Structure formats: C-alpha cells, structure tokens
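Each remark here refers to the structure printed beneath this line.
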Amino acid sequence: MSTVIMHNVVSVDGFIADAHDQVGPLFDWYGNGTADLGGIGKVSQVSADYVNPVWARIGSMVIGRHLFDMTNGWEGRPPTGDHVVVLSHRPKPEGWHPEASYHFVDDVTRAVALARELAGERDVAVAAGEAGGQAFALGLVDEVAMDVVPVVFGSGKRYFGSVDAQHLLEDPHVVIQGDRVLHLLYRVRR
C-alpha cells in the first residue's frame, strides 16, 4: 500500500509562501549546486541523493485548486509522479490538456483515496497548504516531509493551512542538511 506524504518547501517559521503567493528565497536551493534534480534544477549532491529517490517513488499527487490555477497544472505534466488529483469544487477547465492524467475531486477523503488507487504501490504526495492541511487533519497523511529553508517570512501561507488542533509527529526519521536547506521527514503519530 502506498504511503501518503504531505510535502513542501517551508520557511523556518512555517510558511510556504507570503500572503501574495510569492516564495521569495524558498526555492533558491534548487539552483545552488551541481547535481541534477530531475531536470528541475541543480542542487547539492546530498540534496539530490535524498530528493531524487523520493520523487521516483511518487505515483500521484494531490493538490488544491489554488496551486493548480497558479501553475496552470504545470501544463498537464506533473512535476513528479504520473497522476494529479486536484481538490476542487470546480471542474477541470474545458479543453485543458485532455491527454493529461488530472482528476478533479471535490472531497479530500475521496481525493486521497483516488490518488492512492492511481499510485498503486508507489507513494502519494500531498501538497502542503490548505488542501494538505485538510488531509492531515482528517488523519489521511502518513508522513510529513519538509524542506526547511533558513528564512523567516513572519506571515503568509501556512504549511499546515488552517489546521488549528494539536497533532503529534514522531521524531524525524530523516534529517539531511543540504546547502541552504534542511530535509526533514516525520511519521504522523497514530
């Protein structure tokens, strides 16, 4: 069975973007090395050794409609995995990349279930933010992955969205220091 991993790059104070959806220096580490990161950028070797296998295990992604709209769904080509499930009350835009394996679902539980089915034995990546926070609050997330960048935003879009209850995680079972990024992976305590 697949593992559901909530993931995003995040500031030290827990933000994935500022209030205007600008990521500032959060993704700078994608260009500060010499090792290839799946054609997306060049990172330190230690980051590539961690991230490349993680991305290779992803079979599907769950994202919110806001991220879909901001990226135009990466023009129908998921950044990782083979399928994308978009959590949205609005349907797929008419005529938008009919060949793309993108599925629009209006319920977070059904979205994660579909993503698991599509992923098969591979992992499901859930984008942090409001959609990810909803899945996390419902107990649908198995692990929390954070690529922590040494910057303080002060305010903005929260990694866990509007989650307002306490949830315990296990101690991190992965702690890897890259160049201008700290890769952390936690199991969700059940």
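At a glance:
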| read-out | value |
| --- | --- |
| Qualifying positions in segment 147-190 - within 14 Å of Ile16 (Cβ to Cβ) and hydroxyl-bearing (Ser, Thr, Tyr) | Ser155, Tyr159, Ser162 |
| Where Pro172 falls short, out of the listed (1) at negative phi; (2) of a type outside the set (A, V, I, L, M); (3) not in a loop (DSSP other than H, G, I, E, B) | (3) |
| Residue that is surrounded by the fewest Cβ atoms within 10 Å (Cβ to Cβ) [pool: residues in segment 29-45 that are outside any helix (DSSP H, G or I) and without any contact (Cβ under 8 Å) to a residue 40 or more places away in the chain] | Gly39 |
| Whichever residue in segment 130-164 is free of Cβ contacts under 8 Å to residues at least 60 places away in the same chain and open to solvent by less than 30 Å² (accessible area, probe 1.4 Å) and, among such residues, is farthest from Leu182 (Cα to Cα) | Val163 |
| Count - residues of segment 170-189 that are more than 17 Å from the chain's Cα centre (by Cα), over 15 Å from Val12 (Cβ atoms), open to solvent by 50 Å² or more (accessible area, probe 1.4 Å) and touching a residue at least 24 places away in the same chain (Cβ under 8 Å) | 1 |
| Any hit, segment 137-146, residues being modelled with pLDDT of 95 or more, part of a helix (DSSP H, G or I) and more than 22 Å from Ile16 (Cα to Cα) | no |
| Unique match (being within 17 Å of Leu138 (Cα to Cα), loosely packed, with under 15 Cβ neighbours inside 10 Å and not β-branched (Val, Ile, Thr)) among Asp49, Asp107 | Asp107 |
| Failed condition for Val86, given (1) under 22 Å from Ile16 (Cβ atoms); (2) open to solvent by less than 50 Å² (accessible area, probe 1.4 Å); (3) out of contact with any helix residue (DSSP H, G or I) (no Cβ under 7 Å at 6 or more places or on another chain); (4) hydrophobic (A, V, I, L, M, F, W, C) | (3) |
| Residue match in segment 148-165 (condition: more than 21 Å from Phe27 (Cα to Cα) and in contact with a Lys or Arg (Cβ under 6 Å, 6 or more places away or on another chain)) | no |
| Residue pairs meeting the criteria (Cβ under 8 Å; at least 6 apart or on separate chains; first open to solvent by 50 Å² or more (accessible area, probe 1.4 Å), in segment 1-28; second in a loop (DSSP other than H, G, I, E, B) and among the acidic types (Asp, Glu)) | Met1/Glu121; Gly24/Asp18 |
| Residues of segment 52-83 that turn out to be surrounded by 14 or more Cβ atoms within 10 Å (Cβ to Cβ) and among the hydroxyl-bearing types (Ser, Thr, Tyr), as a count | 2 |
| Some residue of segment 54-64 being closer than 20 Å to His20 by Cα and not in a loop (DSSP other than H, G, I, E, B) | yes |
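The values are calculated or read from the model by the stated rules, or taken from the named source; none is laboratory data. Not measured: the values here are computed from a predicted model. Backbone-built Cβ (ideal geometry, glycine too); neighbour counts: all protein chains shown. Heads up: the accessible areas ignore ligands, DNA and RNA and are worked out on the full protein's heavy atoms, side chains in. Shrake-Rupley method; radii C 1.70, N 1.55, O 1.52, S 1.80 Å.
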